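Undergrad: Supplied in structure tokens, the structure appears directly below.
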Amino acid sequence: MNDSRGWSVLVLVAGLTVATPGAAQSVPPPVPPPAPAAAASAVLPPVSLSARKVYEQARSQLVQIRTVLKGQASQTSVGSGFVVSTDGHIVTNYHVVSEAALHPERHDLVYVTADGKEAPVQLLMIDVLHDLALLKAAPREQPFEALSFRPPGQPLGQGERMYSLGNPLDVGFAVIEGNYNGLVERSFYPQIFFAGSLSGGMSGGPALDQEGRVIGINVARRVDGEQVSFLVPAEFAVALIKRGRAAEPIKASVWPVVAQQLTAHQEVLTDRFVQQGFKPATHARYSVPVPVDRFMRCWGTSQTSQTGGLDFERSDCAMDTRIFVGEFTTGALRTGHESYDGRKLGAMRFAQRYSASFENESFRRLSSEHQTKPRCHEDYVDRNGLPLRVVVCLRAYKKVPKLYDASVLVATLDQPASGVQGRFDMQGVSYSNAMRLTRHYLEAYGWARSR
């Protein structure tokens, strides 16, 4: 089985990346040059009179958020934000401020208004699961002008016009027109599908309705499609403001907070994955675990040898997004399997190819800084007369105690010239949930009912 599964890129529009299933992944530097799609969107299209009106009304509530090296004027990353209270509370994305949040000893945060005024800002609270952060500007004599939120009892209609604001590519504040297209299908946490072109640097900026009320927060875009961008629904920002409005500024690293939120996430993720079960009739001979398409997407390919060699079919299922922690991403599940037919090869040659495919699997770790080396255990399991070869590997997170990445590799052994190899990858789960998910996965293997 080959572990070179592709991942397409969902770019967080402050310039960082998080992967989703599809094509190849790239990780740009903290302040990257614009990708071709981003560069094209830097030449902004003409806007309507409605867009101009919305921008002019919201201009004084927009800010740019900069992460700067402590004691220096050099910025290491930029994003956008918006004022949500007359006391100077500001909402942005967590990934916009993650460097300062994780390493406050090395970074400071400042905000810059549309008219160029700059001042320090402090971090009050984070929500890594929805990629949000609440900041607080220093008090001043005049109250801040604040944006209001669209009431939850007034849902948006499909195709309704909306306006995304921010500072794209650090070239100046701008407004991008687009349309509301409902919530993203199969997203584990709700996200708004915005038909508009977000660019790097717009992360954390507001998306407004035609009355200038906040309906979402800019967060990401797909680089393998046009006019496909994503917003965090405003309800999560409202909840964060309520929790953090009176909070004391966070002075230390947020790693303990991140760990707490990731721990809560993996409990919910495990429960939902186990409860949803697997698809029926996934193989002619075996029962093979393939998740239902609720918060995962499944893709399949097949290849028939033209030279009398090995025929195989492949299925891969993965969550669209992972949770951006700051120095890595985590909090996702992925499964896949390959069905091999080597009857054209004969038993000896098939056994060699089948064994080599199993052994070429790798169990990568993020880095020695973030994870321990993999620890693996191999065994043979009998599933109601179906013999399986099973390898389970775990890697512990160093900065997120009691959470692990786990991988399960399975191969059927009952046939001399055919078989199935499967893999299940779990990111950021507790040991008990890693074992629970492993049992759930292995118990799904067996004989097909029609056999």
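The values are calculated or read from the model by the stated rules, or taken from the named source; none is laboratory data. Model, not experiment: these values are computed from the prediction. Cβ sites come from the backbone with ideal geometry, for glycine too, and all protein chains shown count toward neighbours.
Undergrad: Return the residues of the stretch 158-190 that are farther than 21 Å from F295 by Cβ, among the hydrophobic types (A, V, I, L, M, F, W, C) and assigned to a loop (DSSP other than H, G, I, E, B); say none if nothing qualifies.
TA: Within the stretch 158-190, V171, F173 qualify.
Undergrad: Those residues that are farther than 25 Å from F328 by Cβ and either part of a loop (DSSP other than H, G, I, E, B) or of a type in the set (A, V, I, L, M, F, W, C) (or both), I need them from the stretch 361-390; list them, please.
TA: V381, N384, G385, L386, L388, V390 - these are the residues of the stretch 361-390 that are farther than 25 Å from F328 by Cβ and either part of a loop (DSSP other than H, G, I, E, B) or of a type in the set (A, V, I, L, M, F, W, C) (or both).
Undergrad: From Q210, Q260, which residue is surrounded by fewer than 22 Cβ atoms within 10 Å (Cβ to Cβ), at pLDDT 95 or above and among the polar types (S, T, N, Q)?
TA: Checking each option against the conditions leaves just Q260.
Undergrad: Here's a follow-up. Name every residue in the stretch 405-433 that is under 21 Å from V128 (Cβ atoms) and either among the β-branched types (V, I, T) or crowded, with 22+ Cβ neighbours inside 10 Å (or both), in order of residue number.
TA: Correct list: D405, A406, M426, Q427, G428, V429, N433.
Undergrad: When you scan the stretch 315-348, how many residues do you find that are surrounded by fewer than 17 Cβ atoms within 10 Å (Cβ to Cβ) and either closer than 30 Å to E369 by Cβ or free of Cβ contacts under 8 Å to residues at least 40 places away in the same chain (or both)?
TA: 3
Undergrad: Residue under question is L124, and the condition is that it be at pLDDT 95 or above, more than 15 Å from G79 (Cβ to Cβ) and buried (at least 19 other Cβ atoms within 10 Å of the Cβ); does it hold? It would help to see each step written out before you state the result.
TA: On the way: at pLDDT 95 or above: yes; more than 15 Å from G79 (Cβ to Cβ): yes; buried (at least 19 other Cβ atoms within 10 Å of the Cβ): yes.
For L124, the condition - at pLDDT 95 or above, more than 15 Å from G79 (Cβ to Cβ) and buried (at least 19 other Cβ atoms within 10 Å of the Cβ) - is met.
Undergrad: Return a yes/no flag: does the stretch 394-404 have any residue that is β-branched (V, I, T) and either surrounded by fewer than 16 Cβ atoms within 10 Å (Cβ to Cβ) or part of a strand (DSSP E or B) (or both).
TA: No: zero hits.
Undergrad: I've got another one for you. Of all residues in the stretch 64-111, count the ones that are in contact (Cβ under 8 Å) with a residue 60 or more places away in the chain and of a type outside the set (D, E).
TA: 24
Undergrad: Does T86 fit the bill of being within 25 Å of the chain's Cα centre (by Cα) and assigned by TED's automatic domain parsing to the domain that holds I217?
TA: Taking the combined requirement at face value, the residue does not satisfy it.
Undergrad: State which residue is farthest from the chain's Cα centre (by Cα) when the search covers only the stretch 210-241 and only residues that are in a helix (DSSP H, G or I) and small (G, A, S).
TA: A239
Undergrad: Got a number for residues in the stretch 316-339 being part of a strand (DSSP E or B) and aliphatic (A, V, I, L, M)?
TA: 3
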